[in-house]
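Inspection log for the structure reproduced underneath, given as structure tokens.
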Amino acid sequence: MGTCLNINAMRASIRKEETARGAKMSHFWTLAVILFIFTWAGVHPQDANRVVFSLGTFLNVTVPRNTTVQAVVSRIPRDITHITVQFHTRNHNTTLSYTQIPSAGSAHTAVDAGLLSPLLPLQRSLTWFLLSPDSDPVAGVGVILPYRATDPVPGGCSLGYDLGIDPNVHLSYSLYETSVHFAAANTGYARGAPPPACDVTQGRLEYEVYQYFLPAGDLSEQSLLYHIQIAANMRSMKDHGKIVATLSMANGTPLSFGSAPGQGVIYSVIVRDVVLNTSASYVPAHTYACSFSSLLDGCLTLGKISTKVFFTLCGVGGLFVCFFGHRFFKCELFYMGYVFGAFVFFIFITRTAILDYDIRLALTAVMGVVGGVLLVLSWWRFGSVMACVVVVGLILGFLLAAIVFYTPLGDLAVFRSAVVFWVTFSCIMVLVPLFFVRWPREGNIVSCGVAGAYAVVLAVNAYVYTSLSYITLDVLKRFLNTGFSRDLVTGPLRDVDFGMITVWVVLGVSGIILQLYRERERPFFPPSPYVMWSQARERRKTNVLDPSHHVPPLPGRVRAQVRGLFRKSEPAEEQTPLLL
């Protein structure tokens, strides 16, 4: 009986071991099948010049220097009728092309590039080409999204666009707003079928424009590529984005939204067929309302402590000059010389050297001090008030010329030419000091009021964005970039801009009136100390009756002072003998 029990126990143990071994083999084959399926579906690491996508899967792709990368998708299901491919980078343009050699109408170049390909009846694979237009290596994220015959075709009626079918959202930003525009869509159609007529299908399509804000102050590439994957998915965009407009093409594009430099925003458009209740997504696009390549107002220089410190000090000095500049003439000359020297040196060092922004700003501040000291010394040594006033007048002329070109006058096509612009700008700049030659004191006071008040505006701009900083910033950009030409010079001002204009006018007018009133009975300009000393020396040499003529020479006065250090006063007018 005991033997039978042992045999049964052994058989049960063997069955458990076989079951466990079978389970392990089953897990092994399941894992193997999963790996095979992923490999079969096209989930591969990138080869040197070829990357294989699977539908709906994001892949990190690197485009080497001077190299064309093939983007391939295969085994496309038969119910898929059209496919969009999109590639996103933070700030580097990428060309996405239907052909290996890009040509007009077959490629699109942007930081958020996309193409749409209708499929032929028996087509099971597609190939596109990625390359860098600037011959620099580019890294980004790409995805391929499929759509069926009932889904709308984004950009299928792209009249007036380079691509025959343009699924891209096009963005352009300026100092005050971001403009969004896109091509009209079409209704879906089967493989090999002709597209429906655009004028017939537009009535059944609606467009939803979404806005997706990136984390404030986060300009990193990793953050953008993570959030762009959310925006590319229609369901995720509806859940996390904010719908800002619902329109039909009858409402027209482009749409305009406020810009905040440094704040990343992704714009996406979802087109919906109201009859079939289907939808499709355009290729989303992003903007930070600033440039990563700009040397001045670039994304990487926004909000820097060095910028705030620099312009805060300039604003404090400008406020002092606005109200007391002419009264404290040497302080005014130092400040104006500082501004002039810093401006010229910043242009020189930016065009000739590649340095970090903080280093350039520090060197600019140092050279500004040198410029201020030189201007004060030139007045102290030579006493030429007119030469100094001309420098101050040129600063006022520069500011007035910049204001002129900030107005709608700067929109004229003739000023796109660098020669015409600089000749006109220089003439306005030179005419201002020439006009005040007849009234040098009044010209100097007006220069102090206008320029000093504008320095306060620039100081506020370091903390609160205002478009008034572009009055001088656009001129500085023309100095630094030979090909710079603003596409849009003027635009509607915001509330903060009107507030800063009021501050500028109130400070400038108050400073000018106060200084004119205080200086009405005083000499036009203080005399030069060196000139006064020279005149006094000549008078002593020629006028023997002048008491100053009998003043001992400087070496004798120095010896007398040294002897006085060793002389001790004694009572009864007695003195200790000197050792010297």
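The values are calculated or read from the model by the stated rules, or taken from the named source; none is laboratory data. Quick caveat, the model's predicted, so the values are computed rather than measured. Backbone-built Cβ (ideal geometry, glycine too); neighbour counts: all protein chains shown. Each accessible area value is taken on the protein alone, full model and side chains, heavy atoms only, with ligands, DNA and RNA left out. Shrake-Rupley method; radii C 1.70, N 1.55, O 1.52, S 1.80 Å.
Summary table
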read-out	value
Sole exception among (1) of a type outside the set (D, E, K, R); (2) in contact with a Leu (Cβ under 7 Å, 6 or more places away or on another chain); (3) crowded, with 17+ Cβ neighbours inside 10 Å for Tyr212, by number	(2)
Residue match in segment 259-266 (condition: free of Cβ contacts under 8 Å to residues at least 24 places away in the same chain and closer than 30 Å to Val61 by Cβ)	no
Filtered residues of segment 398-453 (kept if within 23 Å of Arg478 (Cα to Cα) and outside any helix (DSSP H, G or I))	Thr407, Leu412, Ser417
Condition met for Arg351 (part of a loop (DSSP other than H, G, I, E, B) and either open to solvent by 40 Å² or more (accessible area, probe 1.4 Å) or free of Cβ contacts under 8 Å to residues at least 40 places away in the same chain (or both))	no
Subset of segment 404-421 [open to solvent by 50 Å² or more (accessible area, probe 1.4 Å), under 27 Å from Cys448 (Cα atoms) and either touching a Ser or Thr at 6+ places or on another chain (Cβ under 8 Å) or touching a residue at least 40 places away in the same chain (Cβ under 8 Å) (or both)]	Thr407, Pro408
Leading residue by the ranking (least open to solvent (accessible area, probe 1.4 Å)) among those in segment 507-537 that are among the β-branched types (Val, Ile, Thr) and within 12 Å of Phe323 (Cβ to Cβ)	Ile512
Qualifying residue in segment 236-255 (condition: within 17 Å of Ala289 (Cβ to Cβ) and hydrophobic (A, V, I, L, M, F, W, C))	yes
Cβ-Cβ under 6 Å pairs, at least 6 apart or on other chains, segment 495-518 side assigned to a helix (DSSP H, G or I), far side among the aromatic types (Phe, Trp, Tyr)	Gly511/Phe323; Leu514/Phe323
Residues satisfying the stated conditions in segment 272-309, i.e. outside any loop (DSSP other than H, G, I, E, B), farther than 30 Å from Arg148 by Cβ and open to solvent by 30 Å² or more (accessible area, probe 1.4 Å)	Ser291, Leu300, Ile305, Ser306, Lys308, Val309
Residues located in segment 365-387, provided they are open to solvent by less than 70 Å² (accessible area, probe 1.4 Å), over 13 Å from Val339 (Cβ atoms), part of a helix (DSSP H, G or I) and free of Cβ contacts under 8 Å to residues at least 60 places away in the same chain	Val373, Val376, Ser378, Ala387
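Matching residues to (1) among the polar types (S, T, N, Q); (2) part of a loop (DSSP other than H, G, I, E, B); (3) modelled with pLDDT of 90 or more:
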position	(1), (2), (3)
Leu159	no, yes, no
Asp162	no, yes, no
Leu175	no, yes, no
Pro195	no, yes, yes
Glu206	no, no, yes
Val209	no, no, yes
Leu219	no, yes, no
Gln222	yes, no, yes
Gln229	yes, no, yes
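Conditions (1) among the polar types (S, T, N, Q); (2) modelled with pLDDT of 70 or more; (3) touching a Ser or Thr at 6+ places or on another chain (Cβ under 6 Å); (4) under 30 Å from Val460 (Cα atoms), marked per residue:
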position: Leu493; (1), (2), (3), (4): no, no, no, yes
position: Phe498; (1), (2), (3), (4): no, yes, no, yes
position: Arg518; (1), (2), (3), (4): no, yes, no, yes
position: Pro527; (1), (2), (3), (4): no, yes, no, no
position: His549; (1), (2), (3), (4): no, no, no, no
position: Pro555; (1), (2), (3), (4): no, yes, no, no
position: Arg559; (1), (2), (3), (4): no, yes, no, no
position: Arg563; (1), (2), (3), (4): no, yes, no, no
position: Gln575; (1), (2), (3), (4): yes, no, no, no
